[in-house]
1. Would you please list the contacts, defined by Cβ atoms under 9 Å and residues six or more apart or on different chains, that run from a residue in region 181-208 that is on the phi > 0 side of the Ramachandran plot to a residue that is surrounded by 15 or more Cβ atoms within 10 Å (Cβ to Cβ)?
2. VAL117: modelled with pLDDT of 95 or more and in contact with a His (Cβ under 7 Å, 6 or more places away or on another chain), yes or no?
3. Open to solvent by 40 Å² or more (accessible area, probe 1.4 Å), at pLDDT below 85 and in a helix (DSSP H, G or I): does that describe SER235?
4. Test each condition in (1) closer than 30 Å to PRO100 by Cα; (2) at pLDDT 95 or above for GLU147 and report the one that comes out false.
5. Being in a helix (DSSP H, G or I), more than 8 Å from ligand 2 (Cβ to nearest atom) and in contact with a helix residue (DSSP H, G or I) (Cβ under 6 Å, 6 or more places away or on another chain) is the filter here; which residues of region 153-176 pass it?
6. Identify all residues within region 58-95 that are over 12 Å from TYR120 (Cβ atoms) and within 11 Å of ligand 2 (Cβ to nearest atom); write none if there are none.
7. Conditions: (1) near ligand 1 (Cβ under 6 Å from one of its atoms); (2) without any contact (Cβ under 8 Å) to a residue 12 or more places away in the chain. SER57 meets all but one. Number of the miss?
Amino acid sequence: MKTTVYVLLVLICLTITAFYFLNGTAVITAEPVASLPESPWVLSGVEDTSGAELFASCASCHMADGSGRSDGEVPRLAGQSEKILVHKLQKLRDGSSYLPVMVPFARALTLAGQNQVARYMAGLSNIGLTVEAGLNGHHEVPSAYQEYCAGCHGSVGEGNDALLAPKLCGQHSTYLVRRMTEIKQNIRGDADAAMISVLKTVSQNERQEIAQWLEAFQCTAGQDSSEQLHSGSKS
Ligand code: HEC
Ligand code: HEC
């Protein structure tokens, strides 16, 4: 008789524990923005409805077409890789990238909003801005780019998501030159260590030449730009 009572008690305790455990798990999964996941860009199932609406609040500085400013103060984000954009926003949100002007806007976004606006910007065309189309694909790759940069940023600056190396082709040359100087000095505190040491061997003239070539090479969003290179400049 005593044993039956004990067994019953144990069973009741187990049921109660299991109930709270399962309930507790459900609450944790449903928790919103406060805790940041390890891989922020792997947020599947996000309904991409409000990316355009969210971007409206960015357009005053980033321009409605995401083209930025040719003076290099604001980068072209149109056509940048979605994963890179999410990564950049994430670093601004958690403070690991020091860029005070952007922090309030990045922090105003929810995690889902961050993904939506990144997807929207990635989908904007990065074609048709400052440079004559004639250069596209017919411009020789600067040897310094080939030697020092292509390994991480791709043969024509198309970027590499796995290395978190941004797409550079089509970017304003003024911005590229400024960022190279800033990265060399690690001004934002998040610069790639290997890139810093590479920059020490690249002269100011070479950086200028690379930047002008990258700007002129307008790779399209989502297009494999190495194809452009092969069909265009193999002569
Ligand atoms: C008040 C002007 C302003 C607004 C509004 C603004 N930005 Fe920016 N943003 C900037 C400037 C300026 C830079 C570049 C600063 C620099 O390179 O020194 C920048 C840079 C960025 C970058 C690149 C950061 C990096 O690490 O390279 C991203 C991504 C970005 N903004 C996204 C957004 C989004 C998304 C919004 C809207 C939710 C937004 N910005 C609103 C001014 C603004
Ligand atoms: C070892 C890999 C590596 C090499 C080599 C490298 N980079 Fe980078 N680069 C990165 C990574 C990663 C980032 C993003 C983190 C950062 O901003 O430092 C980056 C960022 C940049 C940015 C800022 C772009 C943006 O949108 O924020 C520019 C410009 C750039 N690289 C140009 C170059 C050039 C030009 C070379 C060759 C002289 C070069 N990089 C060599 C990895 C590399």
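1. GLY189/SER97
2. Working: modelled with pLDDT of 95 or more: yes; in contact with a His (Cβ under 7 Å, 6 or more places away or on another chain): no.
So VAL117 fails the test.
3. Values: open to solvent by 40 Å² or more (accessible area, probe 1.4 Å): yes; at pLDDT below 85: yes; in a helix (DSSP H, G or I): no.
No; evaluated as a whole, the condition is false for this residue.
4. (1)
5. The initial filter retains those residues of region 153-176 that are in a helix (DSSP H, G or I), namely 153, 161-163, 173-176.
If we keep only those that are more than 8 Å from ligand 2 (Cβ to nearest atom) too, we end up with 161-162, 173-174.
Within region 153-176, ASP161, SER173 qualify.
6. Those that are over 12 Å from TYR120 (Cβ atoms) and within 11 Å of ligand 2 (Cβ to nearest atom): GLY68, GLY72, PRO75, ARG76, SER81, ILE84, HIS87, LYS88, LYS91.
7. The failed condition is (2).
Residues checked against (1) of a type in the set (Lys, Arg); (2) touching a Leu at 6+ places or on another chain (Cβ under 8 Å); (3) under 21 Å from LEU92 (Cα atoms):
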{"position": "VAL141", "(1), (2), (3)": "no, yes, no"}
{"position": "GLN146", "(1), (2), (3)": "no, no, no"}
{"position": "GLY159", "(1), (2), (3)": "no, yes, yes"}
{"position": "LEU168", "(1), (2), (3)": "no, yes, yes"}
{"position": "THR181", "(1), (2), (3)": "no, no, yes"}
{"position": "ARG188", "(1), (2), (3)": "yes, yes, yes"}
{"position": "ALA194", "(1), (2), (3)": "no, no, no"}
{"position": "VAL202", "(1), (2), (3)": "no, no, no"}
{"position": "GLN212", "(1), (2), (3)": "no, no, no"}
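The values are calculated or read from the model by the stated rules, or taken from the named source; none is laboratory data. Just so it is clear, the structure is predicted and the values come from calculations on it, not from any experiment. For neighbour counting, all protein chains shown are included, and Cβ atoms are generated from backbone atoms with ideal geometry for every residue, glycine included. The area values use the complete protein model at the heavy-atom level, side chains included, leaving out ligands, DNA and RNA. Shrake-Rupley method; radii C 1.70, N 1.55, O 1.52, S 1.80 Å.
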